[in-house]
Amino acid sequence: MTEPDADLTKTYDAVIVGSGAAGGMAAHVLTSHGLQVLLLEAGKKLPIEQELRSMEWPYDNAHRGYLPPESHSLTFNEYTIRNPPYGAGLEKAQHLRSYVGSSDYVKNIVVDERENPYTGTNYAWVRARCLGGKTNIWGRLALRLSDYDFKAKTRDGFGENWPISYGDIAPYYDKVDLYLGIMGVKENLPHLPDGIFQRPQKLNCAEVTLKQGLQKMGRVLTQYRAGVTSEGLKHNKYRSRCYGRGACERKGGCDIHAAFDSPTGLIYPAMDTANLSLRTNAVVREVTIDPQTGQASGVRFIDSQTMKDYTVRAKVVVLAASTLESARLLLVSKSRLHPNGLANSSGQVGHNFCEHLMGPGVTGRAKDLVGKASTLDDGRPGGFYLARFRNLSEKQAKFIRGYGFEGGSGCSMFPSGTDVHGFGASFKEEVRKNQGAYISMGAFGEVLARYENYVDLDPVAKDKWGIPALRFHYKFGDNEHRMAEDMKETAQEMFEAAGFEIVHVRSRVLTEGWSIHELGTARMGNDPKTSVLNQFQQSHDVKNLFVVDGSAFVNASCQNPTWTIMALCWRSCDYLADELRKGNL
């Protein structure tokens, strides 16, 4: 796909900052309304199929799929013991990556941590600066939120309700399902709404055993609801249906684009309308303001390769740079009319930061599968999802909100169980006979959105392009730690009920940020004094500014956010186009 040249002498109808799930969706919707749109991406356009190489065997890779020796990927201990910025003490590594960047297939997708520093409390911030952003490597779980999430305050008294209900966003979830494709099975759960699903993948033997055991406990395990097209999409020539091939368990995306990614799913089709221009290597440094009106006039950006400054003008500015990067842009965009940062008269920008808690889980062994013939389980987009069961009809005494589990079983390219004791032929035989018998799952829990969990600008540290770095003031609280204890206990309880031998129970809580589901730094609401955006993700203060990524979330729920980000964005961009047509922007 050739990039249409960006014309920086014209005034666009809209300029979009960021090309991930939110930026791609904004480009798709706005161009479908006939708007002239410029999309800015801080990174480059990678030959993504050459990066991912999902059909490459490990022995055909120079480093067996791992990073070359001149690069280093941060580990749990380094995130926890060291303090950000994380470059000190690791000077021998020419390139420093986040924990996700530990493979040769992802090293050019995630950022170099030294070029993109941050400070403050420990946090595992995963960033991908390239066309499509983290949609090139996302985990593919595509879940909907419900009124258990949108109206959570009504149920337990904590935080704020969203200014929308499930009925407002349900039609847009449907649009996303139909346009991008999703696999799954209907379960009729009020707290985990069903989608318009394509053909699901099958559960394997151990997963079926667990599902049956959970049914007796009144809990629901369902096939992984993957943002993957299993039947193909007739309206999209850039994507293939899933063939169940390749190394889907790698930290890497789908090089035949059966799994959704923003470029093939949204941006390239938007380019086909001739209404979208694209500029990569464009690091936006601020939103510019008309000094007479106080409204947004466009953005200033730096070409990451030449270091030259540019300005682009637009009638509407749409921030879709990701939760934390959009908050940083709002905070750095100070002016006489907006001395505390753009859209920040409430003082809420950067605050109410939330995400998902990870770490606790369990690994078991289905003894009846030991010694059975190997099965082919590579190429599955995921295993299973165990839906939330806490604080629904009955209230927990120790914590509020809930959690779900993701997990899987079966044989993979690199077998499970290689950490057993042994050596030589007997060790190999032990691994072979057990590899299909292992099953594991890990929890994702809601982190409460609290005002005291926030980001601001570091007064000294700057990134490679001279933009102030973010500083974190963020820690899990008592509610999260009590929830983590319950995660560990229930995980073991459920595996024992299914008849599995318990191999390992994980109680360690992973570093803040590990979920890569950062949310809530510019929350939506009806009251401009306590929120940054209205229900259409439009700034209360600056009417021609929209923030359409995870920043707008009022709480994190325990469901993965990507599908909700895109549904909200579609709804907001329909509203944006209508307001622009009416002359209100």
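Express in nm, to one decimal, how much length is gained between Thr293 and Gln50 on full extension, taking 0.36 nm for each residue of separation and deducting their alpha carbon distance.
82.7 nm
What is the Cα centroid distance between region 344-383 and region 173-247, reported in whole angstrom?
Comparing the Cα centres of region 344-383 and region 173-247, I get a distance of 15 Å.
Using modelled backbone amide H atoms (1.01 Å from N, in-plane), which distant-in-sequence or interchain residues come within less than 5 Å of Arg53's amide H?
Sorted by chain and number, the residues that satisfy this come to none at all.
Please sort 352-365, 303-316, 101-114 by packing, taking for each peptide the average over its residues of neighbouring beta carbons within 10 angstrom, highest first.
Working: 352-365: 25.4, 303-316: 15.7, 101-114: 22.3.
Final packing ranking: 352-365, 101-114, 303-316.
Which residues does the label zone of Lys186 cover in region 208-240, counting backbone N under 15 Å from a point 7 Å along Cα→Cβ?
Flagged as within label range: none.
Non-local amide H neighbours of Gly359 (under 5 Å, H modeled in plane, Pro and chain starts lacking H): which ones?
Counting only residues 5 or more places away or on other chains, the set is Ala443, Leu510.
Under 19 Å from a point 7 Å along the Cα-to-Cβ line of Phe414: which residues of region 25-52 have their amide N that close?
Backbone N within reach: 51-52.
Among rounded, prolate and oblate, which fits region 383-491 when a ≥ b ≥ c are the square roots of the eigenvalues of its C-alpha gyration tensor, a/c under 1.5 means rounded, and a/b larger than b/c means prolate? Write down the numbers at each step before the final one.
On the way: a/c = 3.22, a/b = 1.46, b/c = 2.20.
In terms of gyration-tensor shape, oblate.
Any idea what diffusion coefficient region 2-161 gets from Stokes-Einstein, in µm²/s, Kirkwood Rh on alpha carbon pairs, 20 °C, 1.002 mPa s?
Details: Rh = 18.9 Å.
Result for D is 114 µm²/s.
Which of the aspartates and glutamates could a cross-linker span from Lys395 if the Cα-Cα distance has to be under 13 Å and same-chain partners fewer than 8 positions apart are dropped?
List returned: Asp156.
For region 415-462, restrict the atom set to alpha-carbon positions and state the Rg and Dmax in Å.
22.7, 59
Measure out, as a whole number of angstrom, how far apart the alpha-carbon centroids of region 284-332 and region 67-129 sit.
After rounding, the separation between the Cα centres reads 27 Å.
If the reach is capped at under 19 angstrom between alpha carbons, list the lysines near Lys367, excluding any in the same chain fewer than eight residues apart.
Qualifying lysines at Cα under 19 Å: Lys211, Lys428, Lys433.
Go through 510-519, 259-268, 288-297, 393-402 and give me the packing order, highest mean Cβ count within 10 Å leading. Write out the running numbers ahead of the final one.
Working: 510-519: 23.3, 259-268: 27.5, 288-297: 16.6, 393-402: 14.8.
My ranking of the peptides, most packed first, is 259-268, 510-519, 288-297, 393-402.
Spin-label point model (7 Å from Cα, Cβ direction): what's the Leu178 to His504 distance in nm?
Distance between the two pseudo-spin positions: 4.6 nm.
Please list, in chain and number order, the residues 5+ apart from Cys242 or on another chain whose amide H is under 5 Å from its amide H, with Hs placed from the backbone.
Thr229, Ser230, Glu231, Gly232
For a 28 Å ceiling on Cα separation, which of these pairs sit above it: Lys134/Lys582; Lys202/Lys372; Lys202/Lys234? Walk me through the intermediate numbers first.
On the way: Lys134/Lys582 35 Å; Lys202/Lys372 19 Å; Lys202/Lys234 24 Å.
From the list (Lys134/Lys582; Lys202/Lys372; Lys202/Lys234), the Cα-Cα distance tops 28 Å for Lys134/Lys582.
Give the angle, between 0 and 90 degrees and rounded to the nearest 10, that separates the Cα long axis of helix 323-332 from the longest principal axis of the Cα atoms of the chain.
Roughly 30 degrees between the two axes.
Taking a threshold of 31 Å on the Cα-Cα distance, which of the pairs Lys10/Lys107; Lys44/Lys237; Lys45/Lys464; Lys186/Lys488; Lys153/Lys543; Lys175/Lys398 fall above it?
On the way: Lys10/Lys107 36 Å; Lys44/Lys237 23 Å; Lys45/Lys464 19 Å; Lys186/Lys488 28 Å; Lys153/Lys543 28 Å; Lys175/Lys398 39 Å.
Going by Cα-Cα distance, Lys10/Lys107; Lys175/Lys398 fall outside the 31 Å limit.
Roughly how many Å² is the accessible area per residue of the chain, as a whole number, for a 1.4 Å probe?
Details: 22650 Å² over 585 residues.
Using a 1.4 Å probe on heavy atoms only, each residue of the chain averages 39 Å².
Is the C-alpha gyration tensor of region 115-176 telling us rounded, prolate or oblate? Criteria: a/c under 1.5 is rounded; beyond that, a/b larger than b/c is prolate, otherwise oblate. Each step should come with its number before you reach the end.
Working: a/c = 3.18, a/b = 1.44, b/c = 2.20.
Because a/c hits 1.5 or more and a/b fails to exceed b/c, region 115-176 counts as oblate.
(1) 76, 54, 51; (2) 88, 69, 42; (3) 82, 53, 49: which one is Cα extents along the principal axes in Å as calculated from this entry?
(1)
On a 0 to 90° scale, report how tilted helix 562-582 is relative to the longest principal axis of the chain, with both axes built from alpha carbons and the result rounded to the nearest 10.
20
Rounded to the nearest 10 degrees, what's the angle between the helix 478-497 long axis and the longest principal axis of the chain, both from Cα atoms, 0 to 90?
30
Report, to the nearest whole %, how much of the accessible area of the chain belongs to carbon and sulfur atoms, 1.4 Å probe, protein only.
Details: 11340 of 22650 Å².
Taking all protein chains in place, the chain shows 50 percent carbon and sulfur surface.
The values are calculated or read from the model by the stated rules, or taken from the named source; none is laboratory data. Small disclaimer: the values here were computed from a predicted structure and weren't measured. Heads up, the Cβs are rebuilt from the backbone with ideal geometry, glycines too, and the neighbour counts pull from every protein chain shown. Remember, those area values only see protein heavy atoms, side chains included, never the ligands or the DNA or RNA. Shrake-Rupley method; radii C 1.70, N 1.55, O 1.52, S 1.80 Å.
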